[in-house]
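Read the figures in this text as sums done on the coordinates, not as results from a lab. Small disclaimer: the values here were computed from a predicted structure and weren't measured. Every residue, glycine as well, gets a Cβ built from its backbone with ideal geometry; the counts of neighbours run over all protein chains shown.
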Amino acid sequence: MNSKGKGKTWIFAAAFLLASFGVAAAQESAPTAATTEAVQVEAVDAQAATAPVTEATTPPETAAPGEAAGAPVSVEIDGNTTINNGGTIKIKGQAPAGKPVFLEVWAESHNVRANRFDKDPDPQTGVRPYIFYLTEHMPAYFKIFAPTTMQDKIDAEKKKGNKWSMSNIIKELGADSAFNVPAEAPIKAYQSSFVASIIGSRGELLSDAPDPRRSMQLTKARFRDLDKVVGAQINLQPDGSFTAEIPMRSGIAPGEYRIVAHVDQATKSAPITFTNTTNFPTVYLTNAGTSMNLIYPFILTLAVTMFGVLMGAGGGFILNPLLVTLFPMLPHTIVAGTVTPTVLFSQGSGIYNYSRINFISWKLGIGIGLAMLAGGFIGPKLTEMITLAQFKSAFGWILLVLAGLMFWQTTPGYLANNKKEQAILKEFKKRAEEAAAKK
Amino acid sequence: MKVEFWGQEFKVNMFVGCIGGFLIAVLSSMFGFGGGPFMVPLMTVFLRLPMYLVVGSSLLAIFFNTTMSTMRHYQFGNFDWILFCAMFPAAILAGFIGPRIARRLSPIVVKRVACVGLLILAMSLLGVF
């Protein structure tokens, strides 16, 4: 028992060291003093908004900042323009009285990928389209802020659970004018087919152009939670002046962010800018599109892989579901694609050790390996085609099977048989090692 | 197919082996795990091969799958270098520490703990609680 205790002490010591390192690093990353700078902007689309139809002679260029007659919308940052891994941005502005105002906020510096596999039957024809939509130009952060009076509409949409729809909430809020940046992103549409899946292709490219309707679906596919894309934060006064404290969550991309205030299609403010910074060990993951404290995945991988070594299964079984559960902003495609190569090294060193004592049947290994090569060619494409919910529930069933296997390996019948097998294994391994030593 | 290994000859039903290996490879590359715990029972129970033949050869077969699926995930852009750099050293470190602890623990106890842990994790993934 003493030796067991020693092992535990080891783990605790390692965990303590890592944890204390994490705390020290967190203290270093105290928010930097941000310069107070207010940016005053004026309406850009003043011409379209204010020019009467009859006055066709008015030159459009007269609507320069500062002299726009009526100045439909203005917005400025009231306070810090720099936040550190999230924070609050204070906004004040002026809009025409009696009209709702929406703030469109997005990350200007970083784009991420969003994809969605459309296999829902068409409501009219019942035909399943099987089209794979993909964009590389979804902003890493996108959110529409609405007046606080519209909170009930957001709550109503939230009641639908996973079935919420971006297009529906935008329609309910009347915020069509504020959905622009994702709508401008070119979207690749691929016609998937069974044959294309077999040969590991995404399918035939149908189009590569912006598509506002699809971009709303992709926005949901990317951000998943309604709270991440809409919020009711604007205090709108009857005279049209407004203030807002915009909460920026932690884990968002570093760099420049833009805010534009929208009243309707023709009336919007010029963009204003603020900056988000991150400090090591919080690092922005370019492909995952989220900032993350790297200490956490390190500790998690260490603990899980160690346990994987003990139970005789690679860590991937536990690491994948834990990563997608604990870090919801990591796309499951990235998780699966990044965990896979981490086991390559240990597999390679295992093969090297066995091959050194000539303990591998190359014929058998390569024979089945070729079939697995084909499987490994197809699998990664299927990852993109399923949603996170499907990923999780499929993984749930896989783990149930694995738990069954583990249980079977502790039953008396298996243990008795395994004892014999292990004895033979040891005997053969000894012979192999001796033979290798002789050479 | 006949396989010779350390002076003994084994008949291997490659049809079952390849179909099973293919299915395990699709699942494991799709969900990003190794597949060893499924490959070993496939080869011992369904192909009736002895453990000493299976340990090395199953690892070789899985290595094919992992290499290919790594390349494919990379090709589809589903790979993040920074996240990899955070996890890879931890996996290597665990590979060194793990076996040292394993010697001091009873494998049956570890497997029972794993069994319960996996059940809990599976239930939470399936949304039971």
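What's the ranking of B:110-118, B:30-38 by average number of surrounding C-beta atoms within 10 Å, highest first? Mind showing how you got there, number by number?
Numbers: B:110-118: 18.8, B:30-38: 26.3.
Listed from highest to lowest mean packing, they are B:30-38, B:110-118.
Could you work out the mean count of beta carbons from other protein chains within 10 Å of each residue's beta carbon in A:419-431? Spell out each step's value before the answer.
Values: counts 0, 2, 5, 2, 2, 3, 6, 1, 1, 9, 4, 0, 2.
The per-residue average across the peptide is 3.
Select from region A:87-135 those trypsin sites (Lys or Arg not before Pro) which occupy a DSSP coil region and have at most 15 other Cβ atoms within 10 Å, ordered by residue number.
Answer in residue order: A:Lys119.
Just flag the trypsin sites (Lys or Arg not before Pro) in region A:249-334 sitting in loop per DSSP whose Cβ has no more than 15 other Cβ atoms within 10 Å. Write out the running numbers ahead of the final one.
Working: sites: A:Arg249, A:Arg258, A:Lys268; in loops: A:Arg249.
Loop-located and lightly packed - A:Arg249.
In region A:85-168, what is the count of Lys pairs whose alpha carbons are under 19 Å apart, counting only pairs at least 8 residues apart or on separate chains?
8
Once the Cα gyration tensor of region A:296-439 is diagonalised, what are the square roots of 5 times its eigenvalues, in whole Å and ordered largest first, as equivalent ellipsoid semi-axes?
32, 20, 16
How many partner chain Cβ atoms sit within 10 Å of a residue's Cβ in peptide A:294-306, on average, as a whole number?
So the per-residue partner count for this stretch is 6.
With label points built 7 Å along Cα→Cβ from the Cα atoms of A:Ala436 and B:Arg100, find their separation and express it in nm.
Spacing of the two 7 Å Cα→Cβ label points: 2.3 nm.
How high is the FRET efficiency from A:Leu326 to B:Glu9, r the C-beta distance, R0 60 Å, rounded to 0.05?
So, using R0 = 60 Å, E works out to roughly 0.75.
What base-10 log of the normalised intensity I(q)/I(0) is obtained for region A:175-263 from the Debye formula, alpha carbons as equal point scatterers, at q = 0.10, 0.14 Å⁻¹?
Ignoring solvent entirely, the Cα scatterers give -0.43, -0.72.
At q = 0.10, 0.16, 0.19 Å⁻¹, what is the log10 ratio I(q)/I(0) for region A:64-211, with the Debye formula run over Cα points and no solvent?
Cα-only, vacuum Debye calculation for region A:64-211: -0.54, -1.12, -1.35.
How crowded by other chains is B:7-17, given as the mean number of beta carbons from other chains within 10 Å of each beta carbon? It would help to have the intermediate numbers written out before the result.
Working: counts 2, 1, 0, 2, 0, 5, 0, 4, 0, 0, 5.
Mean shielding count: 2.
Quick check on region B:1-79: what does the Kirkwood estimate of hydrodynamic radius come out to from the alpha carbon pairs, in Å?
13.3 Å
Compute the length gained on full extension between A:Ser241 and A:Ala416: take 0.36 nm times their separation in residues and subtract their Cα-Cα distance, giving the result in nm to one decimal.
Difference between extended and current length: 55.0 nm.
Given an 8 Å cut-off on Cα distances and at least 6 residues of separation, report the relative contact order of chain B as a percent.
It comes to 15 percent, rounded to a whole number.
On a C-alpha basis, how far is the centre of region A:289-360 from the centre of region A:182-212 in Å? Whole number, if you could?
First find each Cα centre; the distance between them is then 31 Å.
Taking the protein assembly as shown on its own, what percent of its Cα-Cα pair distances exceed 44 Å?
Value for the protein assembly as shown (Cα pairs over 44 Å): 31 percent.
Output the Kirkwood hydrodynamic radius of region A:213-317, Cα pairs only, in Å rounded to one decimal. Mind dumping the intermediate values first?
On the way: mean 1/r = 0.0562 Å⁻¹.
Computed over region A:213-317, the radius equals 17.8 Å.
Which value, in Å to one decimal place, does the Kirkwood hydrodynamic radius take for region B:80-129 when every pair of different Cα atoms is included?
When all Cα pairs of region B:80-129 are included, the Kirkwood radius is 13.3 Å.
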